[in-house]
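In what follows, a structure is listed as structure tokens, so that the remarks can point back to it.
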Amino acid sequence: MTTIENDRFYPVTEVAELIGVNYRTALKEIHSGRLHAVPVGPKPIYRVPGWALRNYQTGCAPQPVVAAG
């Protein structure tokens, strides 16, 4: 098992491997709000903080906000 460092930012490809899903599924988790990520650069490139990855794996991830209506 890979040790997740809280002060490190992980690229989406590595996050996908760590949580056992493919790249597209990892992006869906980011876009839905279930996995916190920081956009970097002009393109939609993300880095996931270690603390957010750890929270996601333990089930403490934030739930997506659903608009009322």
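Every number here is computed from the coordinates shown, using simple stated rules; none is lab data. Note that this is a predicted model, so its numbers are computed, not measured. Counting neighbours? That spans all protein chains shown, and the Cβs are built from the backbone with ideal geometry, glycine included.
Here are a few things to note about the model shown:
- Cβ-defined net charge surrounding E29, 15 Å radius [Lys, Arg +1; Asp, Glu -1]: +3
- Local electrostatic count at T58 - Lys and Arg +1, Asp and Glu -1, tallied over other residues with Cβ under 15 Å: +1
- Taken over the Cα atoms of region 1-42, the convex hull encloses 84 Å³ per residue.
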